[in-house]
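Input: a single structure, listed below in structure tokens.
The values are calculated or read from the model by the stated rules, or taken from the named source; none is laboratory data. Quick caveat, the model's predicted, so the values are computed rather than measured. Virtual Cβ from ideal backbone geometry, glycine too; neighbours counted across all protein chains shown.
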Amino acid sequence: MEEVKLFGFWPSPFSLRVIWALKLKGVDYEYIEEDLPHNKSNLLLQYNPVHKKIPVLVHGGKPIAESLVILEYIDEVWPQNPLLPKDPYERSIARFWAKFIDEKSRPMWEFFQKFGEEQEEAIKNNFEILRTIEENGLGDKKFFGGDKIGLADLVFGMAIHLLAPMEEVAGVKLIKADTFPRLHAWKKNFSEQPTIKDNFPDHNKVVEFLKIRRETSRISAHPNQ
Amino acid sequence: MGEENKVVLHGMWISPYSKRVELALKFKGIPFEYVEEDLQNKSPQLLQYNPVHKKVPVLVHNGKPIAESIVILEYIDETWKNQPRFLPQDPYKRAKVRFWTSFVQQQLCESLLTVIKTDGEVQQKAFGNLFEKLEVLEEGIKEIFPDGNPCIGNYNIGLLDLVMLSMFSPNNKIQEEVFGMKIIDPEKTPLIFSWLTVLHQLPLVKESTPPDDKVVAIFKFVRENALKSSLA
């Protein structure tokens, strides 16, 4: 059995989705916590010279970067508890949503790092993104992957892992039972899944981390306040 | 064409995303019906098939739609398993191809589009960005071409090739006319230049490339529209 290492950062949703994939498949690995952003290890820079970012999976000494690429690799090498269905059409739907959520979730943090009118605009954008996911992506399924957690679920996991604490810090609630009933139900189902539940950063720790981030944003946006 | 395997591609002739899917189908020898979309007047089918983005390309296979060009390319390769295979068999090699495809799509294409659609200082910065990224790719693809140069005969076209060739070409004449300089410089990025030369000389690619003056006109049209709307 070749050794598996994961270079990650505890609050990062990109890092967390890889941890979930490995845990769901029962893959043993060594976790290396990177001290971001200012103190990246030499190994990380050597394994991911192009982007110099986490997560990086190293399997038998061979590095793979980019979380979605890593997830597909993991699914191919360890096929138990598959993240993607067998049927090519179903796979294309899963990949479409994984990509959509991955791309749209990045600007979703904006509401958290903005203030006043800019924040209102960002919140409006988020509503639209969430509505699209609620209506077109999830539909009536329990998970994006159907009855079991799949690729798109791992990507949307940031909704609980980061979005919920962000909502708390920013004082704004986005995913409510009345506005997004399906996503709201999804959050409950996803977070109660035993593997996910056991591999979740502490909510308060994330809130503290985000508070510092938000304060830093506020200071750089309004340096004289 | 029998109903059991009906393939329709909704595309747009100047879209590189559309082009890469068109070429993928041609390389695999898959018969398909092509529907040219007028982006100012999108067909009701397009809006129905891609309600999320309302964009081309959309592949419709036996009535089932797939959107997002790279998702479509992977779908094609998984459904029609004949040569050429767009991804290697080995998972690690597949990861490498996907990594570089993602780099080209997200970093290079973005930079190029910014260069095309902006001017002044913003464009200058985008040029810098683009050339920096091309150098990274030049270094990175050395592991894909271990013999130092892509071989000319019997080239097995893959995912990365399709994505790259639909956005970039070695045609310095066009680049100099549109941008005032070479984008793919044989002296600065010789490996990328020779790779693109091989790709663009493949008969199927050659026959689906519009003549130079049309390509120049497309760039100019896209650029003018973008600059106009940024002033509005």
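Which of the residues spanning the range B:30-42 are at pLDDT 95 or above and not aromatic (F, W, Y)? Spell out how you get there, then give the answer.
Of the residues in the range B:30-42, the ones at pLDDT 95 or above are B:30-37.
The answer is B:I30, B:P31, B:E33, B:V35, B:E36, B:E37.
Annotation note: of B:L130, B:L137, the sole residue that is within 14 Å of chain A (Cβ to nearest Cβ) and at pLDDT 95 or above is B:L137.
How many residues, within the range B:38-59, are of a type in the set (A, V, I, L, M, F, W, C), touching a helix residue (DSSP H, G or I) at 6+ places or on another chain (Cβ under 9 Å) and surrounded by fewer than 21 Cβ atoms within 10 Å (Cβ to Cβ)? So the count comes out to 1. Restricted to the range B:155-189, and to residues there that are free of Cβ contacts under 8 Å to residues at least 12 places away in the same chain and in a helix (DSSP H, G or I), the residue that is surrounded by the most Cβ atoms within 10 Å (Cβ to Cβ) is B:Q175. Between B:V136, B:V163, B:V205, B:V215, the distinction of being more than 23 Å from B:P57 (Cβ to Cβ) and among the aliphatic types (A, V, I, L, M) belongs to B:V136 only. If you take the residues in the range A:65-85 that are under 18 Å from A:G157 (Cα atoms) and among the polar types (S, T, N, Q), which one is farthest from the chain's Cα centre (by Cα)? This residue is A:N81.
If you take the residues in the range B:80-123 that are free of Cβ contacts under 8 Å to residues at least 24 places away in the same chain and in contact with a Ser or Thr (Cβ under 9 Å, 6 or more places away or on another chain), which one is farthest from B:F179 (Cα to Cα)? The residue in question is B:V122. Can you find even one residue in the range B:79-100 that is over 19 Å from A:Y73 (Cα atoms) and facing chain A (nearest Cβ under 9 Å)? Checked the range B:79-100: at least one residue is over 19 Å from A:Y73 (Cα atoms) and facing chain A (nearest Cβ under 9 Å).
Residue-wise test of (1) closer than 22 Å to A:P201 by Cβ; (2) small (G, A, S); (3) away from chain B (no Cβ under 11 Å).
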| site | (1), (2), (3) |
| --- | --- |
| A:V18 | yes, no, yes |
| A:A21 | yes, yes, yes |
| A:G26 | yes, yes, yes |
| A:Y47 | no, no, yes |
| A:S67 | yes, yes, no |
| A:L71 | yes, no, no |
| A:P79 | no, no, no |
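For the range A:29-47, what are the residues that are charged (D, E, K, R), closer than 17 Å to A:E3 by Cβ and surrounded by 15 or more Cβ atoms within 10 Å (Cβ to Cβ)? Please lay out each step first, then the result.
Taking the range A:29-47 and keeping what is charged (D, E, K, R), we get A:30, A:33-35, A:40.
Now narrow it down to the ones that are closer than 17 Å to A:E3 by Cβ: A:30.
Answer for the range A:29-47, where residues must be charged (D, E, K, R), closer than 17 Å to A:E3 by Cβ and surrounded by 15 or more Cβ atoms within 10 Å (Cβ to Cβ): there is none.
With respect to being within 14 Å of chain B (Cβ to nearest Cβ) and of a type outside the set (V, I, T), A:D87 fits the description. Screening A:H161 against (1) assigned to a loop (DSSP other than H, G, I, E, B); (2) in contact with a Pro (Cβ under 7 Å, 6 or more places away or on another chain) leaves a single unmet condition, (1). Of all residues in the range B:132-152, none that is farther than 17 Å from B:P88 by Cα and of a type outside the set (S, T, Y) has its Cβ atom under 8 Å from the Cβ atom of a residue that is in a helix (DSSP H, G or I) and at pLDDT below 85, 6 or more apart or on another chain. The numbered conditions (1) more than 28 Å from B:G128 (Cα to Cα); (2) over 15 Å from the mean Cα position of the chain (by Cα); (3) not hydroxyl-bearing (S, T, Y) are all true for B:K206 except (2).
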